[in-house]
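The values are calculated or read from the model by the stated rules, or taken from the named source; none is laboratory data. All figures in this text were calculated on a predicted structure; none of them were measured in a lab. As a convention, Cβ positions derive from the backbone with ideal geometry for all residues, glycine included, and neighbour counts pool all protein chains shown. Surface areas here come from the heavy atoms of the whole protein model, side chains and all, with no ligands, DNA or RNA. Shrake-Rupley method; radii C 1.70, N 1.55, O 1.52, S 1.80 Å.
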Amino acid sequence: MVSENDPRVVDLDLAAIYRTQSNLQSVVSFIADNVAQLPIKVYELGEDDSHERVRESAAAQLFMRPNDFMTCFELIRNWITNMCVYGRILWVVVPDEAAPSGWQILPIPNGWIARYEGTNPFRPDAAYIRPRDGIDMVRVPSSSFVLFHTFDPTDPAKALSPVTALRSTLTEQVEAERYRKQVWKRGGRMSSYVTRPKDVKPFTPQQRAQFIESFRAAWTSDLGSDAGGTILLEDGMEIKNIQFSAREAQWAEAKKFSREDCAGIYHIDPGLIWPGEGQSYASAKDNARKLYSDSFGPMIVQFEQRCSQFLLPMLGESGRYIELDFDKKLRGNFEEQAQVIQTLVGRPVLSANEGRRRLNYPDKEGEEYDEVITPLNVTAGGQASPTDTSPKKPEN
């Protein structure tokens, strides 16, 4: 008998929820794709808190090529998705002489983890992994893996899935979708019916069958000769409409509520994923910038610190640390950056050839094209920047 503490019991349930719930999948994939595009950089910590980027170390090469079957983007997207759905992810770090870094990172699906072993209340001593049924379990000691997990208030060695708090909302959404399918399957297509006066001579069974057959052949089929036209009735017949109103059932409100709950549990503004409800361009722009500082910030810091504290020592790089570079996401577009830098510096910051490279033009020969030229009106005229055309006020 499988114990309730077996991670596979909960994981199967969570996997089914993620696979079938579009709102949850939209939020999680939004977070995973936006964080995974950030470049990972390795730095050497020096004296006086100085740091220098390291490009040729094992850690830097490992994140450029984490294994034989994934890119760095796919590795981080896998990490984020597992953290958002399950609240944990296990990385097994194995030597690989053929790899440039000498190592590989194997992200283990949560469904493969059969059980954990150990008496340490803060972290397991080993993990038993079974890729598929019929294959023997593999014991992996804690010295060969890095375990990321969320906070569980009852056990520091366990994880708490964020989806747990959404179970009631998602259950309601599942039942609502099931009911909508039943309505469309059993009665959604019946938008009207025909009535006859009570004092009219009733149809005989043969007349009734003939009327129904001719009505369906003429009006209810795509091939009907009169489909799309205006029906003419006899004997005082009338058509009664019974259109279903989604507003009365409040399906739209329930859908919106589910979206807000799914986004809120991950600290995401729903308007960034489902725009169009009273959100201007300026507010959307500001909210997008807050993503990396407020919404994604805690998750990014957890990744950086656990990799720096546990992964880098496995690679022999204890004096270094990693960072996800999201500074470019907060700087704005190139036009905004150029305007701010020019105001701060008061002069151009690119040479002619550097500017041509941004436009994919070939370099020009000559020293004047490789130098950053300061206009004379800045040095001699005393203006704040080359774009300042106002004359200098005379001194009193």
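Assorted remarks:
- Site pair Glu368 and Gln37 shows an inter-label distance of 4.0 nm when each label is modelled 7 Å from Cα along Cα→Cβ.
- If the segment from Leu359 to Thr20 were pulled out straight at 0.36 nm per residue, it would be longer than the present Cα-Cα gap by 117.6 nm.
- Förster-model FRET efficiency, 25 Å R0, Phe215 and Tyr179, C-beta, rounded to 0.05: 0.25
- Taken along the Cα-to-beta-carbon direction at a fixed 7 Å, the label points for Leu350 and Asp152 span 5.2 nm.
- In this label model, Ala98 and Thr119 are separated by 4.2 nm, measuring between points 7 Å along each Cα→Cβ vector.
- Ranked from largest to smallest solvent-accessible area, with a 1.4 Å probe on the protein heavy atoms, Arg357, Arg19 come out as Arg19, Arg357.
- Heavy atoms of Ile212 accessible to a 1.4 Å probe, total area in Å² rounded to 10: 50 Å²
- Peptide ranges 79-89, 34-44, 95-105 listed from the most packed, as the mean C-beta count within 10 angstrom indicates: 79-89, 34-44, 95-105
- Per-residue surface analysis assigns Ser29 an accessible area of about 40 Å², computed on protein heavy atoms at 1.4 Å probe radius.
- Zero-based 10 Å bins, Cα pair distances in the range 99-174, whole percents: 15, 37, 31, 15, 2, 0
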